[in-house]
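Remarks on the structure that follows.
The values are calculated or read from the model by the stated rules, or taken from the named source; none is laboratory data. In this text, all values refer to a predicted model and were calculated from it rather than measured experimentally. Glycine gets a Cβ as well: all are built from the backbone with ideal geometry, and neighbour counts include every protein chain shown.
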Amino acid sequence: MKCRKCGRTAVINMRQHKLALCQEHFLEWIPERVQRTIHKYRMFTPQDKILVAVSGGKDSLGLWDVLLQLGYQADGLYIKLGIAEGAYSDESLGYVERFVSEREGVHFQVVDVKATYGLSVPEVARTKRRGRKVCSVCGLIKRHIMNRVAYEGGYACIATGHNLDDEVAVLMQNVLRWQVGYLARQAPVLPATHPRLARKVKPLVHLYERETAAYALVRGIDYIYDECPYAVGATTIFYKDLLNQLEEHSPGAKLSFYLSFLQARKEGLSFGDEGRPDLHDCVQCGQPTTAPGLCAFCRLWEGLDQG
Amino acid sequence: MVKLIYRKKVWEVKPGMTVRDAILKTGLKPYAVLAVRDGKLVNEQTILRDGDEIKLVAVVSGG
Ligand SMILES: [Zn+2]
Ligand SMILES: [Zn+2]
């Protein structure tokens, strides 16, 4: 199989684009495609300061690499969650540090949840009698910290490494349950609805997960390969597999499912009134909350011995 | 013979077949893995040679 651009041996065949590329041309193609996505959805400009949420995984490190290559002011944020008594977090942080050490003039910061708030993510989840699942507590904590860092650092937006497969798996689950609230909000760009809530962008939404994995490999980016222990067996993986089977029969199905969803909404497909609930400022941290008083993040720590 | 390695599992297949056919023999799904030979990504139509060692890398992650 030959590269369409130069005729050398292809390293990847992307049936969804009827495109086979050699290593060199694949390494050119990925940043071009990400740049087109950034432009298409007006995510940000070279004048903006961007905060990249990095986990040590292939997608977030690949995203950061591409943004730096494209010349954006992209700083990294690693949130140390304290997973698996810290072992998983230490390992994933190691990949981020290695990425940084291989590049010059790259800015990044670490927020250590336990050092900052007194307990790690699994520890907080454990102390909550209601039995909140670790992943939902984790999501809540990460969102809060990202918004705080973005606000304090004057960032124009937070960029995350969600790829097409991530988005399509969520879309599929939301459609199957007609979760209209979620469907109304699922988008490559989430505008800031409050001064303390950062704009969120997903520059990899047009890239297949196969493409982001191949990019990390070919580009020589070392990343944490093992799943977060709490994500093992996650339903997302089941839906990804289902969609990959569909894709096998009909190359391009995932991309067209996603793009036609966005298009339909643009053309007026509506999921009811998107009327936003009144937002109050949390009396403790200042981030918005739907009920007056403390926000969900601050309530999480209430009454806990924070050492 | 050709060795295929995925996490801690190892399979042996005959040379001469394509990467895709070899992956199918292991029971893994070709869409769920990438194949690496001598540290380089190879496309799924690549013909395997005697003595090749192919590392299979999972594409899908959760979360
Ligand atoms: Zn080429
Ligand atoms: Zn608060």
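Annotations for the structure displayed:
- Cross-chain or 6+ apart pairs with Cβ under 6 Å, the range A:4-16 first and more than 10 Å from chain B (Cβ to nearest Cβ), then assigned to a strand (DSSP E or B) and crowded, with 18+ Cβ neighbours inside 10 Å: A:ARG4/A:ALA20
- Verdict on A:GLU85 being acidic (Asp, Glu), over 17 Å from the mean Cα position of the chain (by Cα) and at positive phi: yes
- Condition broken by A:ALA150, with the remaining ones in (1) surrounded by 18 or more Cβ atoms within 10 Å (Cβ to Cβ); (2) modelled with pLDDT under 95 satisfied: (2)
- Check on A:LYS254, under 26 Å from A:ARG199 (Cβ atoms), away from ligand 2 (no atom under 16 Å from the Cβ) and within 14 Å of another protein chain (Cβ to nearest Cβ): yes
- Within chain B, strands (runs of 3 or more DSSP E) holding 3 or more residues that are of a type in the set (A, V, I, L, M): B:2-6, B:33-37, B:53-58
- Members of the range A:176-197 that are among the β-branched types (Val, Ile, Thr) and surrounded by 15 or more Cβ atoms within 10 Å (Cβ to Cβ): A:VAL189
- Scope the range A:153-167; condition assigned to a helix (DSSP H, G or I), away from every other protein chain (no Cβ under 14 Å) and crowded, with 22+ Cβ neighbours inside 10 Å; matching residues: none
- Scan of the range B:19-41 for residues that are within 21 Å of A:CYS3 (Cβ to Cβ), under 9 Å from the mean Cα position of the chain (by Cα) and buried (at least 17 other Cβ atoms within 10 Å of the Cβ), ordered by number: B:VAL19, B:PRO30, B:LEU34, B:ALA35, B:VAL36
- Subset of the range A:17-53 that is within 30 Å of A:ASP90 (Cβ to Cβ) and either within 16 Å of ligand 2 (Cβ to nearest atom) or more than 14 Å from every other protein chain (Cβ to nearest Cβ) (or both) - its residue that is surrounded by the fewest Cβ atoms within 10 Å (Cβ to Cβ): A:LYS49
- Output for the range A:1-47, where each listed residue is acidic (Asp, Glu) and more than 8 Å from ligand 1 (Cβ to nearest atom): A:GLU28, A:GLU32
- Taking the criterion of being of a type in the set (Val, Ile, Thr) and more than 10 Å from chain B (Cβ to nearest Cβ), the only residue of the range A:210-243 that qualifies is A:ILE221.
- Filter result (part of a loop (DSSP other than H, G, I, E, B) and loosely packed, with under 15 Cβ neighbours inside 10 Å) within the range A:54-105: A:GLY71, A:GLU85, A:GLU102, A:ARG103, A:GLU104, A:GLY105
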